[in-house]
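Notes follow once the structure below has been shown.
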Amino acid sequence: MANPTDIELVGLELYLIPIKTRVPLKFGPEVTTEVVCARVRATVAGAGGRKATGWGETPLSVQWVWPSTLGYDERLRALLALSNQIAARWLATARAPGHPIELGWRFLEDDLPLILGDYNRAERVGREPVPWLGALVCASAFDLAIHDAYGIWHGLSCYDCYRAPFMNRDLAAYLEPAATRARFEGRYPADFLTPVRADSIPAWHLVGGKDPLTPDELTGQEPDDGIPVLLRDWVRRDGLTCLKVKLKGDDPAWDYERLIGVGRIAVEEGALWLSADFNCTVGDPAYVTEILDRLLIDQPRLYGMLLYVEQPFPYDLEANPIDVRAVSARKPLFMDESAHDWRLARLGRALGWTGVALKTCKTQTGALLSQAWARAHGMTLMVQDLSNPMLAQIPHVQLGAWAGTIMGVESNGMQYYPAASAPEAVVHPGLYQRTRGRLDLSSIRGPGFGYRLAEISRALPEPAFAAGR
């Protein structure tokens with residue numbers, strides 16, 4: 001007998017919203033100055049033919065999902081074309097009704113690998129193929145929209161629906177434990193989430209590779225719009241307590257001095273925590289351990305403030321199965337780009353990684369399943385940003401509040417795209433402005449992801465894709 005709570009996908013619209021950064025964002029070898037956000041409207045139908053619509057949004061962060069020497073425009077065109085193919089395929093192959101995790105799982109397991117393979121064979125012959133991470137990010141806005149629509153159809157928050165009787169199958173249908181003590185039979189995502197969502201959580205500020213730390217680093221080309229430029233001014237204005245430092249990964253002297261420079265400002269201004277993000281650029285664990293050991297000896301206070309280290313090594317763990325225990329013996333070591341799904345979290349754990357950084361841009365479905373697997377196996381969690389502006393910020397901070405992270409959530413859209421989110425900030429001011437180092441989630445209410453979309457005054461462009469069935 002069909003579950004009366006199930007829905008099926010009956011319509012999709014894809015909107016493309018280009019925005020430019022206020023200041024350049026450098027991570028790894030590349031610099032971001034613009035991004036296209038994919039916004040998706042999903043229409044679902046349930047029992048009795050009643051319909052509901054939901055929304056999802058993800059920035060298609062080209063340099064993050066597809067690090068390459070290829071030009072930005074070529075990579076962006078490929079991601080946009082792939083997004084259109086995903087839209088058409090998701091609608092055309094919509095199968096039996098189900099819960100959003102069930103629908104998302106089917107698509108990620110059965111359809112998305114075929115779509116990516118077909119696209120690369122047809123469009124990227126003799127050229128660098130679109131990576132799997134690119135496909136996940138393109139698919140994520142669709143998946144988010146279906147989760148939102150399901151919650152709206154039921155008149156409930158999405159997070160009230162990640163349990164029985166809404167879900168047809170328990171987590172054992174999706175996950176396999178790495179140890180006999182981990183059990184998924186009779187358990188649902190809600191069993192691994194916090195029982196009550198906090199309305200206020202710490203926010204991590206991103207110190208990008210091109211962000212100036214001191215006045216002598218200013219070039220005179222910085223924006224004069226009343227928003228901080230220097231790190232010290234950011235810490236004072238927003239009361240920041242958590243600073244995430246982007247490092248190069250191929251210049252140990254620069255990386256060490258960058259940590260010292262940021263750490264000195266943190267201490268002087270009363271910030272409490274640091275993290276170090278190498279963005280997949282390191283090949284040998286000794287590179288990281290030598291920096292950490294030097295920090296411990298020469299700057300013990302800063303070493304103590306360093307809460308975790310993020311993704312130093314290439315994100316393809318299967319091609320680069322590096323034993324990372326030397327790093328994780330010193331500091332918690334988090335997978336970010338590597339953590340595509342729970343299977344790679346399992347592989348990472350076997351190699352010595354101790355934490356998983358979740359991102360809604362890898363799909364809400366995948367993030368919830370990875371969260372449950374990691375929590376069941378004693379791994380520490382974070383929720384990391386993709387410089388999420390506009391609607392993308394809302395599911396992102398929701399996940400950060402529900403997942404049970406080591407320390408709040410990364411949130412830097414207000415640094416790099418502050419003007420882009422102005423319409424959303426009218427309704428959700430505490431999500432787009434950090435106060436006393438925290439984000440205020442109290443404005444998130446209502447069904448789905450709690451966007452309160454009817455109150456947000458934003459004009460959308462013509463859809464790049466629109467179809468129904």
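Looking at segment 375-469, none of the chymotrypsin sites (Phe, Trp or Tyr not before Pro) sits in a DSSP loop with at most 15 other Cβ atoms within 10 Å of its own Cβ. A full extension of the chain between ARG77 and ALA198 corresponds to an added length of 39.6 nm, given 0.36 nm per residue minus the alpha carbon distance.
In terms of surrounding Cβ atoms within a 10 Å radius of their Cβ, ASP284, ASP216, ASP255, ASP6 rank from fewest to most as ASP216, ASP284, ASP6, ASP255.
Using alpha carbons only, how many angstrom separate the centre of segment 210-247 from the centre of segment 315-389? Cα centres, segment 210-247 to segment 315-389: 29 Å. Arranged from fewest to most other beta-carbon atoms within 10 Å of their beta carbon, ARG346, ARG294 become ARG294, ARG346. Residue order for THR289, THR281, fewest other beta carbons within 10 angstrom first, comes to THR289, THR281. A straight Cα-to-Cα reach below 15 Å connects LYS246 with the aspartates and glutamates GLU30, ASP211, ASP255, GLU257, ASP277, GLU310, ASP336, GLU337, ASP385, GLU410, residues fewer than 8 places away in its own chain not being considered. For the chain, the longest principal axis of the C-alpha atoms and the axis of helix 285-298 are separated by about 50°. In the structure displayed, which of LYS51/LYS362; LYS20/LYS244; LYS51/LYS359 lie more than 24 Å apart, Cα to Cα? Going by Cα-Cα distance, LYS51/LYS362; LYS51/LYS359 fall outside the 24 Å limit.
Seen through its C-alpha gyration tensor, with square-root eigenvalues sorted a ≥ b ≥ c, segment 192-253 comes out oblate because a/c lies at 1.5 or above while a/b is not bigger than b/c.
Its DSSP H runs of at least 4 residues, each contributing -39,500 (n - 2.57), put the calculated 222 nm mean residue ellipticity of the chain at -10500 deg cm²/dmol, to the nearest 500. From the coordinates of this entry, Rg and Dmax of the Cα atoms in Å is computed, and it appears in [x] 20.7, 64; [y] 21.3, 70; [z] 20.5, 58 under the label [y].
Throughout, read-outs are computed from the coordinates displayed, never taken from laboratory work. All values derive from a computational prediction rather than experimental measurement. Methodologically, a virtual Cβ is constructed for each residue, glycine included, from the backbone with ideal geometry; neighbour enumeration extends over all protein chains shown.
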